[in-house]
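Working notes for the structure below.
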Amino acid sequence: PVNQPHEAKLSHELLAGAASFAAMKAYQDHEKKQGKTTSHETAKELLAAAGGALLTRVVETKGLDAIDNYKAKKEH
């Protein structure tokens, strides 16, 4: 139904977290190839993964609900 609030999907959160982790790891690998030093590598990767998962959750719940509300207001 249209009036039901959107819910975050665990599979989407896991995928976003994994993609964020992989992106941060690829960036750090690139930096190493350039001869630059990196610090706290695993912590950065985990924070990137958590950030990606959190962003996906917020968009799927709050963001999509806001879009639905906006569309409903435009129709009336």
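All of the numbers you see were taken from the coordinates with simple rules; none came from a lab. Not measured: the values here are computed from a predicted model. FYI the Cβ positions are ideal-geometry reconstructions off the backbone, even for glycines, and counts take in every protein chain you see.
Near the amide H of His6, within less than 5 Å, lie the amide hydrogens of Asp65, all on another chain or at least 5 residues away, with H placed in the peptide plane. Remark: the chain carries a charge dipole of roughly 220 debye about the Cα centre, counting +1 on each Lys and Arg Cβ and -1 on each Asp and Glu Cβ. Any idea what diffusion coefficient the range 10-75 gets from Stokes-Einstein, in µm²/s, Kirkwood Rh on alpha carbon pairs, 4 °C, 1.567 mPa s? Rounded, D is 96 µm²/s. With contacts taken as Cα pairs under 8 Å and at least 6 residues apart, the chain reaches a relative contact order of 48 percent. Between the helical axis of 10-33 and the longest alpha-carbon principal axis of the chain there is an angle of about 30 degrees.
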